[in-house]
1. Based on the alpha carbons, how large is the Rg to Rh ratio for the range 1-64 when Rh follows Kirkwood?
2. Mind putting a number on the dipole of the chain about its Cα centre? Charges go on the C-beta only, +1 for Lys and Arg and -1 for Asp and Glu, and I need it in Debye to the nearest 20.
3. To the nearest Å, what is the center-to-center distance of the range 144-213 and the range 1-70, using C-alpha atoms only?
4. Hey, can you grab everything whose amide H is under 5 Å from the amide H of ASP143? Only 5+ residues off in sequence or another chain; H modelled, so Pro and N-termini drop out.
5. What is the projected area of the convex hull of the Cα atoms of the range 113-213, averaged over all directions, in nm²?
6. Please give the length that would be gained between SER54 and ASP135 if that part of the chain were fully extended, namely 0.36 nm times their separation in residues minus their C-alpha to C-alpha distance (nm, one decimal).
7. Which one of LEU77, ASN109, ILE66 has its Cα pushed farthest toward the positive end of the charge dipole of the range 6-212, where Lys and Arg give +1 and Asp and Glu give -1 at the Cβ?
8. What's the ranking of 90-97, 170-177, 156-163 by average number of surrounding C-beta atoms within 10 Å, highest first?
Amino acid sequence: MKGHMVIAIDGPAGSGKSTIAKLLAEKMDFTYINSGNLYRAITLGCLRAKIDISDSEKVIEFAKNIKISYQKDQVFLDGENVTPLLHTDEIDRNSSPLSAIVPVRRMVNDLIRSLAEGRNVVVEGRDMTTVVFPDTPYRFYLDASADSRAKRRFEQGVSNLSLQEIKTAILKRDEIDKNKPEGSLKIAQGVQYLDTSDLTIIQVYDKLISRVV
């Protein structure tokens, strides 16, 4: 493939975005970028530094002064590979409000654009198809019912919450994500919509790959 190709995937928490994006990147030998992990890395840094996530001034100042990099599919915070530490209930709870802080979103989005420059990439998040790469022809929105998304999260075994608590947390995140002052989760015109509730990962992969190759 000549030049560089961007496949952008958006959707709510638990819709299968990460699994699919990773699989696509692997099979196509593209770079995989998970925007959520960048927000999670900043959240982790803030929690370690005892910064209150609701203090947006401090969060912005902190985000300006750290170095986040992406190597293959691993996230590094000031040189430390923090990828295995990013999926805890505490980070889940705090990364959504943190990612609603507009200057932080802009920093992360600029970082994603620079990471993607000149590369073939699969990027996923909440505003990849609307804000970050609105011009790529390969834009997808993956969706699923709240029940099936909660079930998937529960079965991943990374949360200490009950199935019902996970569902409640997911709906709360949807609320935040859809009402962000900038970069809110929405289905843009021209984006290909896919409900994954009753599909296996392989079925979703087959549908997507047939639209990009």
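Since every read-out is calculated from the coordinates, none of them should be taken as a lab result. These numbers were taken from a predicted model, which means no experiment stands behind them. Virtual Cβ from ideal backbone geometry, glycine too; neighbours counted across all protein chains shown.
1. A ratio of 1.12.
2. Charge dipole, the chain, about its Cα centre: 240 debye, nearest 20.
3. The range 144-213 and the range 1-70 have Cα centres separated by 16 Å.
4. Here LEU194, ASP195, THR196 satisfy the definition.
5. Quarter of the Cα hull surface area: 7.7 nm².
6. Roughly 25.8 nm would be gained on extension.
7. ASN109
8. Listed from highest to lowest mean packing, they are 90-97, 170-177, 156-163.
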